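Okay, structure first, notes after.
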Amino acid sequence: MVAAFLRSCLWLLASSIAVLAAEADDGHKRIHLRTHSLTSPYLDSDMQSRWWDFGADTVIRADQYVRLTADRPSQAGWIFSRVPLTATNWEIEVEFSIKGAHNLYGDGMAMWLTKQRGMSGQVFGHTDKFEGLGIFFDTYKNNRPGVTFPYIMAMMGDGQTEYEKHTDGKSNELDGCSARGIRNAHVPTKALVTYFADKNLTVALQYKNEDEWTPCFSIANVKIPSVAYLGFSAETGELSDNHDIISVETRNMYQPAGGSTDSGRGGNRGGSRRGRNGRNEGGGWGWFFVKVLLFVMAVGGSYVGYTMYRANQRPRY
Ligand SMILES: *[C@@H]1O[C@H](CO)[C@@H](O)[C@H](O)[C@H]1NC(C)=O
């Protein structure tokens, strides 16, 4: 009883602080989405994951990574969320690692927001003719003259169009960027993917230095299907690499009612994302005091409740 009471107090306090910290410097509130986040040890006690499904050659090492493919030929693996990502605007920060021992390597990995889930196939380990968004981290150049690899690109599948493998998806490409050094990097490699429904999709990468985000691309008028599963997959052929997912952090983003507008802060992406946990000068403190007040009331209420409970527990004669 006392333990449960203390736990709920702590929870209330923690959630007050979490809400305070969730507001970033660009006028959007961010809420952590447990359903689409993934961190070590990845699995529950029964060796399952409540929110993620994985298959094919994927191997999980609880203390280190979700390995989509090992550095061996002809591997393919995937991991997909069990529930669709229904948030309108979101931000996904994924830490991954592409590394291997060979001078020639491939083929790459992909991040997905598709209607299909857990279907092995020919596009970086996921099914072709997918419907939704694919972001490819392509490490092996088949035929794209003049383009430096690794190459990161986005494709919006309509459920019918095939990924054009022999040109590395050139005809399917919405936009992309080269990221030399993203493989076997010295710093943790990360991608930050931001989506505002029906407005834009932005990708920034960390691979040069820690806390340095390099803008990759930003595409306007992107429409991801409203029911889409978040997933990652990878594949090797004759050439191989370890393709690992280290962590996934997904946040729902929304504009607080009466909050500041985006204008004047629109350029805030890519290189200057630090201070996300900083508090917003306007609005943040008012909420905080409301939360503290609620917290104090909850503590008081619980204490009264507990006292009454104890009074009732006493033996009556
Ligand atoms: C994308 O759209 C959102 C919402 O309108 C806006 O705040 C943001 O600045 C836009 N991002 C880019 C890169 O245009």
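The values are calculated or read from the model by the stated rules, or taken from the named source; none is laboratory data. This is a predicted model, so every value here is computed, not measured. Neighbour counts are summed over all protein chains in view; Cβ atoms, including those assigned to glycine, are modelled from backbone coordinates with ideal geometry.
Quick rundown of the values:
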read-out: Hits in region 216-240 - residues which are hydroxyl-bearing (Ser, Thr, Tyr) and out of contact with any Phe, Trp or Tyr (no Cβ under 8 Å at 6 or more places or on another chain); value: SER218, SER226, THR236
read-out: Those strands (runs of 3 or more DSSP E) lying entirely in region 54-149 with at least 1 residues small (Gly, Ala, Ser); value: 76-81, 89-99, 108-114, 120-123, 131-138
read-out: Filter result (within 16 Å of the ligand (Cβ to nearest atom), over 15 Å from ASP138 (Cβ atoms) and surrounded by 18 or more Cβ atoms within 10 Å (Cβ to Cβ)) within region 170-220; value: LEU192, VAL193, THR194, TYR195, LEU201, THR202, ALA204, TRP213
read-out: For GLY231: the one exception among (1) touching a His at 6+ places or on another chain (Cβ under 9 Å); (2) surrounded by fewer than 17 Cβ atoms within 10 Å (Cβ to Cβ); value: (2)
read-out: Subset of region 22-53 [part of a strand (DSSP E or B) and within 16 Å of the ligand (Cβ to nearest atom)]; value: GLU23, LYS29, ARG30
read-out: Meets criteria (more than 16 Å from the ligand (Cβ to nearest atom) and out of contact with any Lys or Arg (no Cβ under 7 Å at 6 or more places or on another chain)) for ASP241; value: no
read-out: LYS223 vs. criteria more than 16 Å from the ligand (Cβ to nearest atom) and either under 24 Å from LYS115 (Cβ atoms) or surrounded by fewer than 20 Cβ atoms within 10 Å (Cβ to Cβ) (or both); value: no
read-out: Within region 176-250, strands (runs of 3 or more DSSP E) holding 2 or more residues that are at pLDDT 95 or above and within 26 Å of THR58 (Cα to Cα); value: 189-196, 200-206, 229-235
